[in-house]
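Report on the structure given below.
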Amino acid sequence: MASIYSRIIATGSALPERVVTNADLEKIVDTSDEWIRSRTGIGQRHIAADGETTGDLAFLAAQRALEAAGVKASELDLIVLGTTTPDIIFPSTACLVQHRLGANGCAAFDVNAACSGFVYALGVADKFIKSGQTKKALVIGAETLTRMVDWTERETCVLFGDGAGAVVLEASSEPGIHATCLHADGGFKELLYNPVGVSVGFKDEPNHGVRIRMSGREVFKVAVKTLDALVDETLKAAGMDESQLDWLIPHQANLRIIEATAKRLHMSMDQVIVTVDKHANTSSGSVPLALDYAVRSGKVQRGQNLLLEAFGGGFTWASALLRY
Ligand code: ACO
């Protein structure tokens, strides 16, 4: 029997209107544009308006992807949405978006893998398509991570932004996604986490204790080492070597982490999609936002090989190597 692949047929994305520059942050915490740019590569970030939710951004990104694909929402068999900042506890944000799109009836669920959420969701949807059960899937990465930022803590507040991206996947006899690799190690929980929730309870603190706790330097070190091993594993799983890669589309957390991965792959920075300067770290939104930018700006062309990768809280880490 011929192999079934999942192919990305179109992309879409959405960003909140409001832009906050490093200079704006200089006014609220003891930081500088120079410090933020040199340590992270970030110049600005988009921040959701009051009342604007993860689901709003996800819906817009999904609409744009479906429109570019020429696919009706009613044709979808599956919606998988990566997020760690859902609108409400339940129903899932995937269900909220499904109803707004008019795709009622298809399977729809969220995946929480922190910053790796979109790549995890892509890996899951790929398996559904490869099984033969799903013909068309919508995969979304969407976050309003700034809702859990403490704006008095300079170590973290400069790093994050809000946004969403989406892709439409279709079953095809042509590749398509060659390989996905998904991993987690919950032993690293304490290095990057948000320790409150429905079951544990909330704290008598500002924002009920909903606040990102991060050991930045340790996260940085483990991220670089883990991503090095991940890209090797992914190439091997796809039966390819690094010279066959056209583009690296990495999670946009920190330019120095991105540069280290590119170096490991012997890729020039001209072959790397960088949006961290404009979007900061949008967690699950980051890879599909970068992909949509790359497609719509004409950088990524049909037939090219793309390596997508991400790393985040959990720790989780994930990759996808695909022919666009
Ligand atoms: N402005 C000015 N100074 C600052 C700021 C700031 N915003 N934040 C920290 N500093 C100071 C610190 O207080 C420290 O001062 P000290 O030397 O007097 O003690 C100094 O800068 C150096 O701090 P470090 O934390 O050692 O700086 P580092 O070079 O490690 O950069 C950073 C920090 C940017 C957080 C980096 O470690 C990083 O990017 N880590 C990865 C974390 C990450 O990306 N997390 C996101 C989620 S996970 C993921 O997506 C990969």
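The values are calculated or read from the model by the stated rules, or taken from the named source; none is laboratory data. Note that the structure is predicted; figures quoted are calculated from it, not measured. When we count neighbours, we look across all protein chains shown, and the Cβ atoms used for this are built from the backbone with ideal geometry, even at glycine. All accessible areas refer to the heavy atoms of the entire protein, side chains included, with ligands and DNA or RNA removed. Shrake-Rupley method; radii C 1.70, N 1.55, O 1.52, S 1.80 Å.
Here's the picture: a label point sits 7 Å out from the Cα of R213 along the beta-carbon direction, and within the range 174-194 the residues with their amide nitrogen under 20 Å of it are 185-194. Using the Cβ-Cβ distance between D270 and D50 with R0 = 30 Å, the FRET efficiency computed as 1/(1 + (r/R0)^6) comes to roughly 0.15. Taking every DSSP bridge with both residues inside the chain, close to 70 percent are antiparallel.
A probe of 1.4 angstrom, applied to the heavy atoms of all protein chains, finds T11 with accessible area near 0 square angstrom. The alpha carbon convex hull volume per residue for the range 178-323 rounds to 126 Å³.
Along its three principal directions, the equivalent ellipsoid of the chain from the Cα gyration tensor extends over semi-axes of 29, 23, 18 Å, largest first.
In a simple Cβ point-charge model (Lys, Arg +1; Asp, Glu -1; nothing else charged), the range 207-312 has a dipole of about 440 debye relative to its Cα centre. For the range 187-236, applying the loop criterion from DSSP together with a ceiling of 16 other beta carbons within 10 Å to the trypsin sites (Lys or Arg not before Pro) yields K203.
Protection proxy ranking of 277-285, 36-44, by the mean of other Cβ atoms within 10 Å over each peptide's residues and highest first, is 277-285, 36-44. Contact order, relative form, for the chain: 26 percent (alpha carbon pairs under 8 Å, 6 or more residues apart, mean separation divided by residue count).
When a/c reaches 1.5 or more, the comparison of a/b and b/c decides; with that in mind, is the range 5-174 rounded, prolate or oblate per its Cα gyration tensor? Judged from the Cα gyration tensor, the range 5-174 comes out prolate (a/c at least 1.5, a/b above b/c). If you take all other residues with their beta carbon under 15 Å from the beta carbon of T84, and give Lys and Arg +1 and Asp and Glu -1, the sum is 0. Taking the full set of protein chains and a 1.4 angstrom probe, give the accessible area of H208 in square angstrom, rounded to the nearest 10. The accessible area of H208 comes to roughly 120 Å².
FRET efficiency for E153 and D277, Cβ-Cβ distance as r, R0 = 25 Å, nearest 0.05? Between E153 and D277 the formula returns 0.70. What separates the Cα centres of the range 292-315 and the range 17-84 is a distance of 16 Å. Taking a ≥ b ≥ c as the square roots of the Cα gyration tensor eigenvalues, the range 224-271 comes out oblate, since a/c reaches at least 1.5 and a/b does not exceed b/c. Dipole check for the chain: with +1 at the C-beta of Lys and Arg, -1 at the C-beta of Asp and Glu, and the Cα centre as origin, the magnitude is about 520 Debye.
Atom-type composition of the exposed protein surface of the chain places 51 percent of the accessible area on carbon and sulfur (1.4 angstrom probe).
Shape analysis of the range 48-131 places it in the oblate category; the axes a ≥ b ≥ c from the Cα gyration tensor give an a/c of at least 1.5, with a/b not above b/c.
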